[in-house]
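So the structure is just underneath, and the comments pick up after that.
The values are calculated or read from the model by the stated rules, or taken from the named source; none is laboratory data. Computed from a predicted structure; not experimentally measured. Cβ sites come from the backbone with ideal geometry, for glycine too, and all protein chains shown count toward neighbours. The area values use the complete protein model at the heavy-atom level, side chains included, leaving out ligands, DNA and RNA. Shrake-Rupley method; radii C 1.70, N 1.55, O 1.52, S 1.80 Å.
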Amino acid sequence: MRMTTATEVRMRGDDLENQGAMWSYVPMEQRIPADHLLRVMRPLVDAVLRELSPRFAELYSRVGRPSIAPEKLLRALLLQVLYTIRSERLLMEQLDYNLLFRWFVGLEMDDPVWNATVFTKNRERLLAGEIARGFFDRVVAQARERGLLSDEHFTVDGTLVEAWASLKSFQQKDELPEPPDDPGNPTVDFHGERRSNASHASTTDPDARLARKGPGQEAKLVYTGHVLMENRHGLAVGGCVIPASGYAERAAALELLGALDRNRRITLGADKGYDTRDFVAASRLLGVTPHVAQNTRNRRSAIDGRTTRHPGYAVSQQRRKRVEEIFGWLKTVGLMRKTRHRGTRRVDWMFTFALAAYNLVRIRNLTTQNA
């Protein structure tokens, strides 16, 4: 019979149910890996927040009970987008035990986390101050300082963002609703009923519109999210959310072009949906050369050989496809496949903030590649 030696016992280690240590002598800073990518992102975020500090001061009173620091609130929201945390309650749970999250937000090990409802109400103050737009603009400025942006070649496109409303809530505007058979989940039979945005509206999110992505696909209550991308590294330089309509993409594109800070003529790549005479003419009036994909299906394109014969047109058609990477990230990571908010203003705020998060990821990746 073989006996287990004392050396073998020490090498194995033990799994005794000892009481946890009361004190920790390892600083939280040392627990975060030196090569973690959030370490590269944290200085970028802190620089943006320092620039926004005067705007934060305007949103808060000089007297009263201290609120959640807006810098910590925005860092927490950034983590929620980056790690696809689907609710504020789960975000608070992560902040309670995740040391990486605590370090990034700026909480010490023993600092209490916030109540999810209090956190949400404090976010409303930043919504009123248009902080997401300011945050996004300063992230774009950081990319410009690093020489990552093109100032000549751009791409525009739009996508559908599913609203936080069901088709059951899409009811006639001028008709009093009948008492539901089940208040929690009423039975609604709308088969055979002709429904349109002119006669119907959602009772839970009136800003949402009924639309479909293409022929033969189901109609959903949606918003339209739009992105203006520079073609050098695929960074977003503009974005917005507006209610869905047949001309929403082209209207949003002109709005984003008008807000673009530029001092020279630029090119704009886009898909066939932008190939209309009105949009092409309006773009040229703004000093933009429209490199729009030609739509020649049973019609004549508004783009002729004077544009398509240049080599730059083919380059724009190739580069414009990168905008789909932005939409893919927003919907798979950035919580924008189906918004959790109601109203155009709130959805636009979160869409813009998610775009800023995407840009931070791109800047981080490009910075580490060039290091």
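Close Cβ contacts (under 6 Å, 6 or more residues apart or on different chains) running from residues in segment 282-308 that are over 17 Å from Arg262 (Cα atoms) to residues that are in a strand (DSSP E or B) and modelled with pLDDT of 90 or more comprise His291/Thr267; His291/Gly269; Val292/Ala270; Ile303/Val292. Here is the figure for segment 273-287: residues that are modelled with pLDDT under 95 and under 25 Å from the mean Cα position of the chain (by Cα) total 1.
Selection over segment 268-311 of residues that are on the phi < 0 side of the Ramachandran plot and open to solvent by 20 Å² or more (accessible area, probe 1.4 Å) gives a count of 25.
Output yes when any residue across segment 28-39 is within 25 Å of His341 (Cα to Cα), modelled with pLDDT of 90 or more and part of a helix (DSSP H, G or I), and no when none is. No: zero hits.
Could you tell me which numbered condition Val113 fails, if it satisfies all but one of (1) open to solvent by 50 Å² or more (accessible area, probe 1.4 Å); (2) part of a loop (DSSP other than H, G, I, E, B)? The failed condition is (1).
Elements of the type helices (runs of 4 or more DSSP H) sitting completely within segment 293-371 and holding at least 1 residues that are touching a His at 6+ places or on another chain (Cβ under 9 Å): these cover 305-308, 311-319, 344-370. Please determine, by comparing only the residues of segment 225-237 that are open to solvent by less than 10 Å² (accessible area, probe 1.4 Å) and in a strand (DSSP E or B), which one is farthest from Ser169 (Cα to Cα). Out of the qualifying residues, it is Glu230.
Out of segment 312-328, which residues are crowded, with 18+ Cβ neighbours inside 10 Å and among the hydrophobic types (A, V, I, L, M, F, W, C)? Val323, Ile326, Phe327, listed by residue number.
Mind checking which residues of segment 116-152 are outside any helix (DSSP H, G or I) and touching a helix residue (DSSP H, G or I) at 6+ places or on another chain (Cβ under 9 Å)? Selection gives Gly129, Glu130, Arg146, Leu148, Leu149, Asp151. Among the residues of segment 169-215, the ones that are within 30 Å of the chain's Cα centre (by Cα), under 25 Å from Thr344 (Cα atoms) and open to solvent by 70 Å² or more (accessible area, probe 1.4 Å) come to 6 in all. The C-beta contact set for segment 324-345 (first residue over 22 Å from Arg209 (Cα atoms), second residue surrounded by fewer than 20 Cβ atoms within 10 Å (Cβ to Cβ), distance under 6 angstrom, 6+ apart or interchain) comprises Val333/Thr84. Among the aromatic types (Phe, Trp, Tyr), in contact with a strand residue (DSSP E or B) (Cβ under 7 Å, 6 or more places away or on another chain) and farther than 21 Å from His233 by Cβ: is that true of Tyr313 in this structure? Considered against the rule, which asks whether it is among the aromatic types (Phe, Trp, Tyr), in contact with a strand residue (DSSP E or B) (Cβ under 7 Å, 6 or more places away or on another chain) and farther than 21 Å from His233 by Cβ, Tyr313 comes out as no. The numbered conditions (1) exposed (fewer than 13 other Cβ atoms within 10 Å of the Cβ); (2) over 28 Å from Ala143 (Cβ atoms) are all true for Glu29 except (2). Within segment 238-258, being assigned to a strand (DSSP E or B) and farther than 28 Å from Arg194 by Cβ holds for Gly238, Gly239, Cys240. From the list Gly343, Gly334, Gly312, Gly328, the one residue that fits, being among the small types (Gly, Ala, Ser) and in contact with a Pro (Cβ under 9 Å, 6 or more places away or on another chain), is Gly343.
A residue that is aliphatic (A, V, I, L, M), over 23 Å from the mean Cα position of the chain (by Cα) and assigned to a helix (DSSP H, G or I) cannot be found anywhere in segment 73-88.
Of the numbered criteria (1) touching a residue at least 40 places away in the same chain (Cβ under 8 Å); (2) under 22 Å from Arg346 (Cα atoms), the one Thr155 fails is (2). Restricting Arg133, Arg86 to those that are among the basic types (Lys, Arg), exposed (fewer than 13 other Cβ atoms within 10 Å of the Cβ) and touching a residue at least 60 places away in the same chain (Cβ under 8 Å) reduces the list to Arg86.
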